[in-house]
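Chemist: This structure is in structure tokens; I'll ask about it shortly.
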Amino acid sequence: MPLDPALRDRIIASVEAGFPDQIAHTQALVRFPSTRGQEQAIQDFVFRAFRARGLAMDRFAMDRAAIEDHPGGSKFAPDHSEAPIVVGIHRPRAETGRSLILQAHVDVVPPGPIDLWTHPPFEPVIEGDWLYGRGGADMKAGHAANLFVLDALTRIGLQPAATVTLQSVVEEESTGNGALMTHLRGYRAEAVLIPEPEEEMLVRANTGVLWFQVEVRGRPVHVREMGTGANAIDAAYRVIGALRRLEESWNARKAGRRHFEGEAHPINLNVGRIEGGDWASSVPAWCRIDCRIAIYPGVGAEEAAREIEAAVHAFALADPFLSNAPPRVTFNGFFAEGYELAEGSEAEAVLARAHEAATGRALRSFMTAGYLDTRVHALYDRVPALCYGPISENIHGFDERVSLASLKRITTAMALFVAEWCGVEPV
Ligand code: ZN
């Protein structure tokens, strides 16, 4: 049932009243350089912030065996984070509404060369409507919004009339194992909301993602005998060519896929990292490339992995050097399938009403071609998993920034969503 207009107006005003504190909290999160494996300090900070609100607390580690045993578990590499997952649980006095999980990740991607940033990446500078900083948009603004939605209700003497679980996870940018771990820990709710920076839209369809490394071994010789030595870096370039052809064949398969056939290039292969060789005057004996590729929803990670291996293997067989030194393919991160959000859920209808009240516009949905933790809840919890969040620019790039006006609208929509989905009771 739509919210009573008087209650709606009180919630809108309360989000507004709390917004300066919400910005300050977001800035505090941005100050933590929480790249992969460096999330312990920020998770401690989050733990204290949740506990200060009186939430029941849980903090736990990754269960590697359970994750590796699960079809949605991604591959562990030596740099897998060992930071804990932090969960805060609000329990109502009377469970009369529908339960909800609000999730966000604290890990951020590396800032890259600092001199390409206008401001240092972990200094949360505000200019006009924009809050700058690595991770500010993706997704510390959303992380703070999850908490400040509850604060907005508390400020007017209300709390959700259903269990609301706040989850602060890691490994979203590399495996998705943090979100999967909350599932394996047993957390469930009737809906999940993750406020990633989604341009004030709802994610309707989302690709899966695989990470893999290709290692080429050559034979080192002095450059004066280069013709006889196999150059591993040159060979790796040829392998990249073969992977580009695989990428094109996967893009051609968009035909007939409802959320993808209208996209120019839904499947992106990124060669994200390359290392190899030892010396400018020695023919390099080794080269490793780290790659990321997307897969359509409904395509299994395992079948995609076999196809990548087969493509590299077939190319190597036809290459004079590589046929004698076959490249090795290792899956070392994301091994995750995509999902589609079923249309017509009650959770989506409630979010659409909340969005319209907060922004004055109808809620639009779209396809996004990158990994999202909502896949865990869509595929394995099997509940409406809503990914929806603020307007941003340059996520994973330089001068990443989030719009504060948009963040306020999104937080308002989330607060109205929680009030209607969970119902409210006096504190
Ligand atoms: Zn994100």
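Chemist: From largest accessible area down, sort Arg257, Arg361; use a 1.4 Å probe on the protein chains.
Modeler: Arg361, Arg257
Chemist: Right, something else. Measure out, as a whole number of angstrom, how far apart the alpha-carbon centroids of segment 177-197 and segment 46-86 sit.
Modeler: Spelled out, the Cα-based centre of one part sits 11 Å from the other.
Chemist: Classify segment 284-425 as rounded, prolate or oblate from the Cα gyration tensor: take a ≥ b ≥ c as the square roots of its eigenvalues, call it rounded if a/c is under 1.5, otherwise prolate when a/b beats b/c and oblate if not.
Modeler: prolate
Chemist: Leaving out same-chain residues fewer than 8 places away, which lysines sit with a Cα under 19 Å from that of Lys140?
Modeler: Lys408
Chemist: Would you work out if segment 358-427 is rounded, prolate or oblate? Take a ≥ b ≥ c from the square roots of the eigenvalues of the alpha-carbon gyration tensor; rounded if a/c is under 1.5, else prolate when a/b is larger than b/c, oblate otherwise. Provide the component values of the computation, followed by the final result.
Modeler: Details: a/c = 2.04, a/b = 1.18, b/c = 1.73.
Oblate, because a/c is 1.5 or more while a/b does not exceed b/c.
Chemist: Please give the length that would be gained between His119 and Ala24 if that part of the chain were fully extended, namely 0.36 nm times their separation in residues minus their C-alpha to C-alpha distance (nm, one decimal).
Modeler: 32.4 nm
Chemist: Follow-up. If you take the beta carbon distance between Arg244 and Ile156 as r and set R0 to 51 Å, what does 1/(1 + (r/R0)^6) give as a FRET efficiency, to the nearest 0.05?
Modeler: Result of the calculation: an efficiency of 0.35.
Chemist: Working from Cα positions, state the angle (0 to 90°, nearest 10) between the long axis of helix 40-52 and the longest principal axis of the chain.
Modeler: The two axes meet at around 10 degrees.
Chemist: Please state the shape class of segment 208-336: rounded when a/c is under 1.5, otherwise prolate if a/b exceeds b/c and oblate if not, all from the C-alpha gyration tensor. If you can, show how the numbers build up before the last one.
Modeler: On the way: a/c = 2.58, a/b = 2.40, b/c = 1.08.
Prolate.
Chemist: Could you work out what % of the accessible surface of segment 64-105 is carbon and sulfur, using a 1.4 angstrom probe and leaving DNA, RNA and ligands out of the count?
Modeler: Summing carbon and sulfur atoms, their accessible area is 47 percent of the total for segment 64-105.
Chemist: Can I ask one more? If you average the sequence gap of Cα pairs under 8 Å that are 6 or more apart and divide by the length of the chain, what percent do you get for the contact order?
Modeler: The value is 25 percent.
Chemist: Please give the FRET efficiency for Ile126 paired with Arg219, using the beta carbon to beta carbon distance and R0 = 51 Å, rounded to the nearest 0.05.
Modeler: The calculated FRET efficiency here is 0.40.
Chemist: Follow-up question, since we're still on this one. For helix 141-155, report the angle its Cα long axis makes with the longest principal axis of the Cα atoms of the chain; keep it between 0 and 90° and round to the nearest 10°.
Modeler: 10 degrees
Chemist: Tell me, what is a quarter of the convex hull surface for the C-alpha atoms of the chain, in nm² with one decimal?
Modeler: Computing the convex hull of the Cα atoms and averaging its projections yields 21.5 nm².
Chemist: Placing +1 at every Lys and Arg Cβ and -1 at every Asp and Glu Cβ, with all other atoms neutral, what dipole size does the chain have around its Cα centre, in debye to the nearest 20? Mind dumping the intermediate values first?
Modeler: Working: 42 positive and 56 negative charges, 56 e Å.
It comes to approximately 260 debye.
Chemist: A follow-up question, please. Please list Thr26, Thr359 from largest to smallest accessible area, probe radius 1.4 Å, with all protein chains kept in place.
Modeler: Thr359, Thr26
Chemist: Can you sort Val214, Val427 by 1.4 Å-probe accessible area, starting with the largest?
Modeler: Final ranking, largest accessible area leading: Val427, Val214.
Chemist: Hey, what did segment 208-336 get for relative contact order, percent, Cα under 8 Å, at least 6 apart?
Modeler: 43 percent
Chemist: I would also like to ask the following. Given the DSSP H assignment, sum -39500 (n - 2.57) over each helix run of at least 4 residues in the chain and divide by its residue total; what's the result at 222 nm in deg cm²/dmol, nearest 500? Before the final figure, lay out the partial values.
Modeler: Details: 9 runs with 139 residues, N = 427.
Per the formula, -10500 deg cm²/dmol.
Chemist: Something else about it: Compute the FRET efficiency between Arg53 and Glu303 as 1/(1 + (r/R0)^6), taking r as their Cβ-Cβ distance and R0 = 56 Å, and round to the nearest 0.05. List each step's numbers first, then the result.
Modeler: Numbers: r = 44 Å, r/R0 = 0.79.
It comes to 0.80.
Chemist: Here is a further query. Keeping all protein chains in place, calculate the accessible area per residue for the chain (probe 1.4 angstrom), answer in Å².
Modeler: Numbers: 17290 Å² over 427 residues.
Value for the chain: 40 Å² per residue.
The values are calculated or read from the model by the stated rules, or taken from the named source; none is laboratory data. Nothing here was measured: the structure is a model prediction, and the numbers come from that model. Methodologically, a virtual Cβ is constructed for each residue, glycine included, from the backbone with ideal geometry; neighbour enumeration extends over all protein chains shown. For the accessible areas, the whole protein counts, side chains as well, though only heavy atoms, and no ligand, DNA or RNA atoms are used. Shrake-Rupley method; radii C 1.70, N 1.55, O 1.52, S 1.80 Å.
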